[in-house]
Amino acid sequence: MLTILEYAVLFVFFYLFQSMIYVYSIHLFSNHPVRWKLYFICAFLSMVATYLARQLTYGVHTLYSLMALIILVVVLLRIPAQKVVKSALLIALLTLVFELVISLVCIAIIGKDSYTEFLKTNRGKSVIGILVNLMLALSLVPVYFYKKNKARREGGNNGKTG
């Protein structure tokens, strides 16, 4: 059973952090400027949708979370659906790659059996999820600076993300 502190850490560093990264990623990949009030509303609603998807099922929860995120972003942030879907697919692909990298590193360090046992716990799943979120956030930093420099060179606000 998780303690209150563990739930708080899980919500802040997993659900909220992931939702904020995903919504910001969509802004970044779709070259859409961030409107901060709507950004935080969308991230919060995405967090709720992700939490509910995880409570209902495990395994396809990412798909449900991304579908909810796509709908929220199109409706709330008014980003064109085609850009949102492309961005969401890129986010899903990056998440998959980062989960694979983390899994391979963990298996190399602690072994397959220990890693399998670790993933059977909620704490294990949470740790892996937090690491994936950190990797995704860190991968956005060079993309952000690339787009910012490109926009500066072009002299316009194309690629402006905030």
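See the values below:
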{"item": "Residue tally, condition among the polar types (S, T, N, Q), farther than 20 Å from Leu69 by Cβ and either part of a helix (DSSP H, G or I) or touching a residue at least 12 places away in the same chain (Cβ under 8 Å) (or both), over segment 86-125", "result": "4"}
{"item": "Selected residue (only one of Ala92, Ala81, Ala53, Ala108 is modelled with pLDDT of 95 or more and under 19 Å from Tyr22 (Cβ atoms))", "result": "Ala81"}
{"item": "Matching residues in segment 12-60 - criterion: being of a type in the set (D, E, K, R) and either touching a Lys or Arg at 6+ places or on another chain (Cβ under 8 Å) or assigned to a helix (DSSP H, G or I) (or both)", "result": "Lys37, Arg54"}
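The values are calculated or read from the model by the stated rules, or taken from the named source; none is laboratory data. Because the structure is a prediction, the values reported are computed rather than measured. When we count neighbours, we look across all protein chains shown, and the Cβ atoms used for this are built from the backbone with ideal geometry, even at glycine.
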